1. Scanning region 13-36 for residues that are touching a Phe, Trp or Tyr at 6+ places or on another chain (Cβ under 6 Å) and closer than 23 Å to residue 89 by Cβ, which turns out most open to solvent (accessible area, probe 1.4 Å)?
2. Taking region 45-63 as the search range and keeping residues that are assigned to a loop (DSSP other than H, G, I, E, B) and in contact with an Asp or Glu (Cβ under 9 Å, 6 or more places away or on another chain), which one is surrounded by the most Cβ atoms within 10 Å (Cβ to Cβ)?
3. Is there any pair linking a residue in region 17-28 that is in contact (Cβ under 8 Å) with a residue 24 or more places away in the chain to one that is of a type outside the set (Lys, Arg) and loosely packed, with under 13 Cβ neighbours inside 10 Å, with Cβ under 7 Å and at least six apart or on different chains, and which?
4. With the checklist (1) exposed (fewer than 13 other Cβ atoms within 10 Å of the Cβ); (2) modelled with pLDDT of 95 or more in hand, flag the one item residue 68 doesn't pass.
5. Go through (1) open to solvent by 40 Å² or more (accessible area, probe 1.4 Å); (2) within 12 Å of residue 12 (Cβ to Cβ); (3) not in a loop (DSSP other than H, G, I, E, B) and name the single condition residue 98 misses.
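The values are calculated or read from the model by the stated rules, or taken from the named source; none is laboratory data. This is a predicted model, so every value here is computed, not measured. Note: ideal-geometry Cβ built from the backbone for every residue, glycine included; neighbour counts use all protein chains shown. Each accessible area value is taken on the protein alone, full model and side chains, heavy atoms only, with ligands, DNA and RNA left out. Shrake-Rupley method; radii C 1.70, N 1.55, O 1.52, S 1.80 Å.
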Amino acid sequence: MRSSRTVSTNNIQAADGELGHVGDFVIDDRTWAIRYIIIDTRNWWPGKKVLISPKWIERVSWNESKVFVNLSRETIKKSPEYTEESLLNRDYETGLHRHYDRKGYWSMNRLPKCIPDDRDITF
């Protein structure tokens, strides 16, 4: 386990090359889960910040100070921009996850809406 400060400023290594660095994190204030990593691309492209989920990280190299993700530079570059003023609501998150073609964390925590038979099930 490492502190988030240790990962801050690490370079992001996409599947086809570097594209930015870890700028900050978006923390869920109810669960304290890291929901997103803010990627700062201003050293590669003009001043854009984008989000990726920590679930999309393949690995972190502490020796190289790099975070590896299995996403292309172009996919990340075309991701919806994130700003301090962005409303990080479900509509924004849905668009973000749709852009990356990934399921949202919120869809993985639900029980099935219907049960296939009439048996009583206790949870």
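1. Looking at residues that are touching a Phe, Trp or Tyr at 6+ places or on another chain (Cβ under 6 Å) and closer than 23 Å to residue 89 by Cβ, I get 34.
2. Filtering region 45-63 down to residues assigned to a loop (DSSP other than H, G, I, E, B) leaves 45-48, 53, 62-63.
Checking the rest, the ones that are also in contact with an Asp or Glu (Cβ under 9 Å, 6 or more places away or on another chain) come to 47-48.
Values: 47: 9, 48: 18.
Selected residue: 48.
3. Pairs found: 20/43; 22/9.
4. Tallying (1) exposed (fewer than 13 other Cβ atoms within 10 Å of the Cβ); (2) modelled with pLDDT of 95 or more, residue 68 fails exactly one: (1).
5. Result: residue 98 fails condition (2) only.
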